[in-house]
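Here the structure comes first, spelled out in structure tokens, and everything after it is commentary.
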Amino acid sequence: MSYIEYNFDGLVGLSHHYGGHSFGNVASSANKAAVSSPKQAALQGLKKAKTLAEMGLQTGGWGQAILPPQERPFLPALRQLGFSGSNAEVIRNSAKAHPQIFAKTCSAASMWTANAATISPSLDTQDSKVHFTPANLVAMYHRSLEHETTGNILQAIFADSRYFSHHKALPQNTIYGDEGAANHTRFYDNHSEPGLEFFVYGAESFANSPSAVKPANYPARQTLEASSIIARNHQLSAANTVFAQQNPDAIDAGVFHNDVIAVGHGNFMMCHEWAFWNKEATYSELKSAFSSEFYVHEVSNKDLPIEDVVSSYLFNSQLIGDADNGMFIVAPQECADNARVKAVIDKIIDNDNPVKGVHFFDVKQSMRNGGGPACLRLRVLLSQQEVDAISARVVLDDALYADLSAWIEVHYRDQLTVNDLADPKFYEEGCTALDELTQIMRLGSVYDFQKV
Ligand code: SUG
């Protein structure tokens, strides 16, 4: 049976703003209160997805799909915090009483679908179903509001229980902090055979001795406990699963997810030398799981200081294609503008590994909140039968691209500040837009609008 990898890119939501909501994410803190452009952000992301869809179609190597945004402000959260009355009253009163909390309920962070869920393809699971676990994202309040709607969306798209198995998000506690696919990579030799699932965690919750390895300043968002539960729930075999810890110094330098410092695909991984705590053991565990060649391209801190890793987001590139036809790096434009990063990319392309070239994309609106090309997509490996079982309109073809572009042009604001979010009209605009989107994408009722 043939399998194809789909990149599900997150459509940027109408409330995209710079709230400085993510402690430990350098870009998010640095751009707090900057004026955002939700329209530009959504169009930039969609253009990247469209370009990759066309390239994938030409080579037949991969597919491209879209995940919808979530409703914001998220009124169920504000009501849970004790604000009551009509929608307009809830919005006005909460924005006045607790502007910072209110802004968090407006975050469009679900655009970074690499954090939406962890997904194991049917090739890797004991029951031969695709397994989905929405990430609880408990480390940041604004992101912890995503998992329920994310679960609704994934269940609406992958509805056929013959092929798809959905798990609940892990318990809402930092012991089980889970940030989804940003800390999960699937390596493989061949698209039609079981792969190697690689889980990277920031800390072990129950290793509380004074010598426990953990960051000193910023949170370790993913725990070993969370990754282990997911591997168990997804029915992965121990032989095809590898766990590794992030280097805590990297987290303290602003590397809040593994996908800010390492990216892997097929039989290749490129990473910075500070990516893993016990790097030699990690590399050799990965290599020994492969019967054929497994390539690791490690970039030294001398060639690329950690500050450049965080500002350029080189390792938040996507890797697309395969070893036979060549892999390509899909990098943020910021990498082309940094001479040191550019030199590193040239070296990767020249070296003995499957990478043949690079494409740069402008996703600046997202980058200013710490989200590069890889953050914006969730990888789902599917057989043709599984693709055929999807009834929602999510695969990005010319017609869906045209409909989504027109929808963005009509409903999105050119500019948005945090103050604009407190206008009840903004919420109403969002509900109207998302109602229309559910029709365009044939999603059913995935949102929780409160029409009072
Ligand atoms: O969780 N930024 C996101 C960025 C997520 C990037 N994802 C991956 N690396 N996979 C985060 O920190 C900032 C929102 C704000 O400050 O307005 C934010 O949530």
Practice task
Output yes when any residue across the range 5-17 is within 28 Å of Pro194 (Cβ to Cβ) and among the β-branched types (Val, Ile, Thr), and no when none is.
Solution key: no
Exercise for the section: Among the numbered conditions (1) over 21 Å from Arg186 (Cβ atoms); (2) buried (at least 17 other Cβ atoms within 10 Å of the Cβ); (3) free of Cβ contacts under 8 Å to residues at least 60 places away in the same chain, tell me where Lys302 comes up short. Expected result: (2)
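For (1) over 18 Å from Leu52 (Cβ atoms); (2) not in a strand (DSSP E or B), each residue gets a yes or a no:
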{"residue": "Tyr283", "(1), (2)": "yes, yes"}
{"residue": "Ser291", "(1), (2)": "yes, yes"}
{"residue": "Val296", "(1), (2)": "yes, no"}
{"residue": "Asn301", "(1), (2)": "yes, yes"}
{"residue": "Glu307", "(1), (2)": "yes, yes"}
{"residue": "Ile320", "(1), (2)": "no, no"}
{"residue": "Cys335", "(1), (2)": "no, yes"}
{"residue": "Lys342", "(1), (2)": "yes, yes"}
{"residue": "Ile349", "(1), (2)": "yes, yes"}
Handout entry: Search result, residues across the range 108-159 that are within 12 Å of the ligand (Cβ to nearest atom), part of a loop (DSSP other than H, G, I, E, B) and either modelled with pLDDT under 95 or among the aromatic types (Phe, Trp, Tyr) (or both)
Key = Trp112
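Anything in the range 368-379 that is surrounded by fewer than 24 Cβ atoms within 10 Å (Cβ to Cβ) and either more than 10 Å from the ligand (Cβ to nearest atom) or assigned to a strand (DSSP E or B) (or both)? List them, or say none. Spell out how you get there, then give the answer.
So the first thing to find is which residues in the range 368-379 are surrounded by fewer than 24 Cβ atoms within 10 Å (Cβ to Cβ), and the list is 368, 379.
Answer for the range 368-379, where residues must be surrounded by fewer than 24 Cβ atoms within 10 Å (Cβ to Cβ) and either more than 10 Å from the ligand (Cβ to nearest atom) or assigned to a strand (DSSP E or B) (or both): just Arg379.
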Problem - Single match in Ser15, Ser29 (criterion: free of Cβ contacts under 8 Å to residues at least 12 places away in the same chain and either buried (at least 21 other Cβ atoms within 10 Å of the Cβ) or more than 22 Å from Gly321 (Cβ to Cβ) (or both)) - result: Ser29
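What is the residue count in the range 28-54 for residues that are hydrophobic (A, V, I, L, M, F, W, C) and either more than 16 Å from the ligand (Cβ to nearest atom) or within 18 Å of the chain's Cα centre (by Cα) (or both)? So that I can check it myself, show each step before the final result.
Initially, the range 28-54 is screened for residues hydrophobic (A, V, I, L, M, F, W, C), giving 30, 33-35, 41-43, 46, 49, 52-53.
Pick out the ones that are also either more than 16 Å from the ligand (Cβ to nearest atom) or within 18 Å of the chain's Cα centre (by Cα) (or both) and you get 41-43, 46, 49, 52-53.
So the count comes out to 7.
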Exercise for the section: Within the range 167-217, track down each residue that is of a type in the set (Lys, Arg) and either within 16 Å of the ligand (Cβ to nearest atom) or not in a loop (DSSP other than H, G, I, E, B) (or both). Expected result: Arg186
Problem - Residues (charged (D, E, K, R) and within 17 Å of Glu429 (Cβ to Cβ)) located in the range 73-114 - result: Arg92
Exercise for the section: Could you tell me whether the range 328-343 includes any residue that is free of Cβ contacts under 8 Å to residues at least 24 places away in the same chain and among the basic types (Lys, Arg)? Expected result: yes
Practice task
Filter the range 421-452 for residues that are part of a helix (DSSP H, G or I), more than 28 Å from Ile157 (Cα to Cα) and touching a residue at least 24 places away in the same chain (Cβ under 8 Å) and give the result.
Solution key: Leu421, Ala422, Pro424
Problem - Tabulated pairs, the range 97-112, first more than 16 Å from Leu67 (Cβ to Cβ), second away from the ligand (no atom under 13 Å from the Cβ), C-beta under 6 angstrom, 6+ apart or interchain - result: Phe102/Ser94; Phe102/Ala95; Thr105/Pro73; Thr105/Phe74; Thr105/Ala77; Thr105/Leu78; Cys106/Pro73
Handout entry: Residue satisfying condition, being out of contact with any Gly (no Cβ under 6 Å at 6 or more places or on another chain), within 11 Å of the ligand (Cβ to nearest atom) and within 30 Å of Tyr188 (Cα to Cα), within set Gly10, Gly60, Gly20
Key = Gly10
Handout entry: Pairs, first under 15 Å from Val299 (Cα atoms) and in contact (Cβ under 8 Å) with a residue 12 or more places away in the chain in the range 311-324, second surrounded by fewer than 24 Cβ atoms within 10 Å (Cβ to Cβ) and polar (S, T, N, Q), C-beta under 6 Å, six or more apart
Key = Ser312/Asn338
Handout entry: Test: residue in the range 59-68 that is under 24 Å from the mean Cα position of the chain (by Cα), in a strand (DSSP E or B) and modelled with pLDDT under 95
Key = yes
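The values are calculated or read from the model by the stated rules, or taken from the named source; none is laboratory data. Remember, it's a predicted structure, so these values are computed and weren't measured experimentally. All Cβ positions, glycine included, derive from the backbone under ideal geometry; neighbour counts span all protein chains shown.
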